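These notes concern the structure reproduced below.
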Amino acid sequence: MKKRFLILSVVLLSTFYMNAQSDFTIGFTLGGGFGDFRGEFIPDDIKSQLSIVYGMEIQKNFGDHMYLRSGISYGKKEVEFATFIPLSNFDIIQSSRQSINISTITIPVYLGYRSTGDFRFHANAGPFISFITDEENILVKSFDYGIGASLGIEYTLSSSGIIRFEILNELGLADISDSIIEVENNTINTNRFGAYITYLIQL
């Protein structure tokens with residue numbers, strides 16, 4: 001799955017450099033996100049687990065304020081929940097923790113607005129699609145989509161270098177459940193909330 005991510009990243013970068021102009025930026029992102037699953041049969045006591053997310057992006061700037069941003073990122077959405085196993089004496093219950101997770105390659109298209117100056121605020125929102133490349137303890141489809149939104153700050157380090165901090169929420173809208181048992185309301189939706197740092201290069 002990481003090989004697919006690297007191949008897609010190289011293709012995206014190559015296409016970008018062939019069409020690069022001064023109103024474009026490229027960025028490299030690293031951060032952590034807390035995944036979540038929503039659904040009728042998802043346990044109520046799930047606890048979101050922190051997972052590393054990394055990727056790259058390209059950004060088309062329209063003047064000083066507006067921009068269109070896309071890219072590709074790889075990360076997991078993981079939760080843990082308690083399971084209870086009755087022992088030979090039914091008055092005694094043994095508990096343990098079990099995890100469910102999926103690995104995703106995500107491609108967003110976000111429209112953004114930012115203030116001006118060396119230190120500036122930004123906000124962006126838009127749709128995303130995700131390809132689910134791996135799963136554990138859960139039956140899911142291979143495709144997800146939804147909407148994402150972020151708020152953050154940017155600081156200009158040099159004539160070509162920008163550092164950005166942001167919080168981003170990705171709300172999955174697709175039912176990714178792939179259970180072979182037909183049950184009413186047997187839907188599964190995803191979510192990820194995270195904090196990220198990106199180094200941007202102005203071309």
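The values are calculated or read from the model by the stated rules, or taken from the named source; none is laboratory data. Note that the structure is predicted; figures quoted are calculated from it, not measured. Quick reminder, even Gly has a Cβ in these numbers, built from the backbone with ideal geometry, and neighbours come from all protein chains shown.
Criterion first (touching a residue at least 24 places away in the same chain (Cβ under 8 Å) and either under 20 Å from Met56 (Cβ atoms) or among the small types (Gly, Ala, Ser) (or both)) does Ile163 satisfy it? When the stated conditions are applied, Ile163 passes them. Within segment 142-161, the set of residues being of a type in the set (Val, Ile, Thr) and modelled with pLDDT of 95 or more comprises Ile147, Ile153. Considering Ser115, Ser179, Ser158, the condition of being within 18 Å of Lys60 (Cα to Cα), out of contact with any Ser or Thr (no Cβ under 8 Å at 6 or more places or on another chain) and among the hydroxyl-bearing types (Ser, Thr, Tyr) is satisfied by Ser115 alone.
When Asp45 is tested against the conditions (1) closer than 27 Å to Ile102 by Cβ; (2) in a strand (DSSP E or B), the lone failure is (2).
When restricted to residues that are surrounded by fewer than 19 Cβ atoms within 10 Å (Cβ to Cβ) and closer than 16 Å to Asn191 by Cβ, segment 141-164 contains 3. Determine, yes or no, whether Ser130 is crowded, with 16+ Cβ neighbours inside 10 Å, within 12 Å of Ile107 (Cα to Cα) and of a type in the set (Ser, Thr, Tyr). It is true that Ser130 is crowded, with 16+ Cβ neighbours inside 10 Å, within 12 Å of Ile107 (Cα to Cα) and of a type in the set (Ser, Thr, Tyr).
Being exposed (fewer than 14 other Cβ atoms within 10 Å of the Cβ), in contact (Cβ under 8 Å) with a residue 12 or more places away in the chain and at positive phi is true of Asn137. Just to be sure, is Ser70 modelled with pLDDT of 85 or more, farther than 23 Å from Glu154 by Cβ and surrounded by fewer than 18 Cβ atoms within 10 Å (Cβ to Cβ)? No, not satisfied.
Within segment 73-89, being at pLDDT below 90 and of a type in the set (A, V, I, L, M, F, W, C) holds for Phe81, Ala82, Phe84, Ile85, Leu87. For Thr25, indicate whether it is modelled with pLDDT of 95 or more, outside any loop (DSSP other than H, G, I, E, B), in contact with a strand residue (DSSP E or B) (Cβ under 6 Å, 6 or more places away or on another chain) and of a type in the set (S, T, N, Q). In short, no.
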